[in-house]
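Report on the structure given below.
The values are calculated or read from the model by the stated rules, or taken from the named source; none is laboratory data. The model shown is predicted, which means the values in this text are computed figures rather than measured ones. Don't worry about glycine lacking a Cβ; one is built from the backbone with ideal geometry, like all the others, and counts go over all protein chains shown. These accessible areas exclude ligands, DNA and RNA; they are computed on the full protein's heavy atoms, side chains included. Shrake-Rupley method; radii C 1.70, N 1.55, O 1.52, S 1.80 Å.
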Amino acid sequence: MQGQDELISSFPVREASWPLWSRLKAAFLLLIVFELIVGFWTLWRSEQASPNSAAQLLGAGENTGIILFSLIVLGTIVGGFLFWSLGRFVIRSRALLDQISDGICVTDRNWNVFSFNRSFARIIGLPPERITGASVFSLMPGCDGQSGIQAGGRAECEFEGVRGNGEKYCAHISLFVLAEENGEPVSCMITLRDTTELKRSQRHIHHLAFVDELTGLANRAQSQRRLDEAIARAKRCDRPFGVLFLDLDGFKDINDSLGHDAGDLVLRTIGKRLAEVVRGEDMVARLGGDEFCILVENLQDEEDAVRVATRCLAQISEPLALGDRTLRMRGSVGIAIFPRDGETREAILQAADTAMYAAKHGGKNRYALYTPELTEAAERRLSLEHDLREAIEHEQFELLYQPQVSLHSGRMVGVEALIRWNHPQRGTVSPVEFIEVAERIGMINELGEWVIDAACRQAAQWLAMGLPDFTVAVNISGSHFSDPSLVNTVREALAEHALPASRLELEVTEGVMQMGGESIEIFRRIKQLGVKIAIDDFGTGYSSLSSLKNLPLDCLKIDKAFVDDMLGKGEHSVIIATIVGMGQALGMEVVVEGVEHLKHVLYLRGLNCDTVQGYYFSKPVPPSKIPGLATREFLVAGNRRCASEEKKGKRDYG
């Protein structure tokens, strides 16, 4: 199909104007000739009828004919000049109109176009021959400016149409009545302002302001606006609605282990699934990160909201393919009902958020309905966040150390530094409570840096005391391995406390093994310092044998979950034996956590496991207790306990 610009360029206005000027000049010459003929004919007739008639008419003498002829010629010249000037004015006016960006056309009493400028043809995308004489309503279907004419003979409207080439366009139309007859317009001027780009820009601005760029769902601003509208409708119609807050469980592990591109893909997929669950009148919004808000209107009772939450959880848990991996995501949903749980936007959102945290603390992958008691728990959580920000400054943290015992020598070969928070009012706060909070409020890296420095300082003091050689293991968040400053943090801590790098071991969760690019380089730079690297809780996350081979690892730590049922469930003992054999084959030390009974020690010793750690040997203790444990022979004491139990008939190896 011929393009619009090509179509319009086929009838340039300037070239079309000169033939018109040529016609005007021809008409002007014909007029002069015609008036001369009429003048001579009139003079001849007057002489034939009466030689003195012309003179009598003018009241002059024998030169009457010459005077009459001169007047005719003069009149012809003056009239021709006026006609010429008018023609030039018309042509120049036409050229000026063709330079105006707004389309202009003039219609007759039947609304047929008899004059228009180039911009009018360009906007509607039709050639001149299809415009001249055509009804303005056939050129712009759906436009009915006549019905909108107001007092004063004008009307305005917004119009959306289709150009001759099929392209949609938007325009602002203004109509002016030029002449009336019996109160009816007989001629009108219509101006057409092309607003296509303006509307497109407005839609783009609206999209940026109210649509989440990643998922295409409503964003926080749009959700707030929709909630305000829903509140107004609910009050007017006395119909409750529900607000669901959904947060993905373990999404941070996806970002840390598989990268942000994988995390974005997960969010887009989850957003699409949630949009398919709700009705068209409801709303799904992404508030940021992995948080979603769902507005469910026209509820009969709270069970309607519960059914939506159940469907959402079911959709989220469907298998999700990420490259060669398949994940099953989980989510926690909080439900609040308007107006029962809050009568303002802020109150209902806070109630849903509080219920969502209750679902998380209740075991995750579930929903929870808001109750007033949850507000008290939320207030305690907010207080905990506030206190946590001040804890480092006020030196409220301390490190306890749990021994790691070699099953070959029976001696302590390392300790794991475990952080504790001594709150002035709450007492000792477990890491289970505040580590998650630290990650959520962005303090986890700062907390990790404090632990590294404190552990290095304490290890240097033990070294100065002349204790036997052992390593100090420090747990750090996977987000540290996305921060290049980690290398400098470790290097500076070692240098400041004069601690050999071989005495420090960094423990990271298994998910970090899947991080690539810059994170792998940080792994290697840490290793180049001489610091050991261990994978904590191996076997519970995103296992990858290729990562074990490619990453510079020194140690695998088997999670306590496998040890608890090691002698009761055969598959757990097989898993432990497999990990021990694999780790040793790869030249890594294998440490088993959570050893609490002698039977665990004996079984692991039979597997030729390297090192164990757990309450059977020692609870986490203050630094002052470590010198005594560093010289203790743990297995000798264990063998004595074993013999005592044999005599009592209490041994049970499963």
Residue list for the range 446-476, restricted to those being open to solvent by 20 Å² or more (accessible area, probe 1.4 Å), touching a helix residue (DSSP H, G or I) at 6+ places or on another chain (Cβ under 6 Å) and under 16 Å from Ile419 (Cβ atoms): Glu449, Asp453, Gln458
Wholly enclosed helices (runs of 4 or more DSSP H) of the range 478-559 bearing at least 2 residues buried (at least 21 other Cβ atoms within 10 Å of the Cβ) and at pLDDT 85 or above: 485-496
Filter result for the condition that a residue is under 26 Å from Leu198 (Cα atoms), out of contact with any helix residue (DSSP H, G or I) (no Cβ under 9 Å at 6 or more places or on another chain) and at pLDDT below 85, over Gly153, Gly148: Gly148
Within the range 598-607, considering residues that are without any contact (Cβ under 8 Å) to a residue 40 or more places away in the chain and in contact with a helix residue (DSSP H, G or I) (Cβ under 9 Å, 6 or more places away or on another chain), the one surrounded by the most Cβ atoms within 10 Å (Cβ to Cβ): His600
Subset of the range 166-186 (residues that are of a type in the set (A, V, I, L, M) and touching a residue at least 40 places away in the same chain (Cβ under 8 Å)): Ala171, Leu178, Val186
Residue under evaluation Leu635, criteria (1) modelled with pLDDT of 90 or more; (2) in a helix (DSSP H, G or I); (3) touching a Gly at 6+ places or on another chain (Cβ under 6 Å), criterion not met: (1)
Single condition Glu276 does not satisfy, out of (1) open to solvent by less than 60 Å² (accessible area, probe 1.4 Å); (2) out of contact with any Ser or Thr (no Cβ under 7 Å at 6 or more places or on another chain); (3) modelled with pLDDT of 90 or more: (1)
Selected residue (only one of Asp453, Asp469 is charged (D, E, K, R) and under 25 Å from Val601 (Cα atoms)): Asp469
Of the criteria (1) under 44 Å from the mean Cα position of the chain (by Cα); (2) in a helix (DSSP H, G or I); (3) of a type outside the set (Phe, Trp, Tyr); (4) under 15 Å from Phe538 (Cβ atoms), which one Gln584 fails: (1)
Criterion violated by Val243 - all others in (1) within 17 Å of Tyr367 (Cα to Cα); (2) surrounded by fewer than 21 Cβ atoms within 10 Å (Cβ to Cβ) satisfied: (2)
Count of the range 340-394 residues which are open to solvent by 90 Å² or more (accessible area, probe 1.4 Å), assigned to a helix (DSSP H, G or I), charged (D, E, K, R) and farther than 24 Å from Ala285 by Cα: 5
Hits in the range 346-358 (condition: under 25 Å from the mean Cα position of the chain (by Cα) and either closer than 20 Å to Thr310 by Cβ or of a type in the set (Ser, Thr, Tyr) (or both)): Ala351, Ala352, Asp353, Thr354, Ala355, Met356, Tyr357
All positions within the range 398-426 that are part of a strand (DSSP E or B) and open to solvent by 30 Å² or more (accessible area, probe 1.4 Å): Glu398, Val413, Leu418, Arg420, Asn422
Number of the condition not met by Asp282 [criteria: (1) among the acidic types (Asp, Glu); (2) open to solvent by less than 30 Å² (accessible area, probe 1.4 Å); (3) more than 22 Å from the chain's Cα centre (by Cα)]: (3)
For Leu227: the one exception among (1) in contact with a helix residue (DSSP H, G or I) (Cβ under 8 Å, 6 or more places away or on another chain); (2) open to solvent by 10 Å² or more (accessible area, probe 1.4 Å); (3) of a type outside the set (Gly, Ala, Ser); (4) over 25 Å from Val437 (Cβ atoms): (2)
Count of the range 100-130 residues which are more than 22 Å from Leu178 (Cα to Cα) and open to solvent by 50 Å² or more (accessible area, probe 1.4 Å): 3
Residues of the range 214-240 satisfying the condition of being of a type in the set (Asp, Glu) and within 24 Å of Lys360 (Cβ to Cβ): none
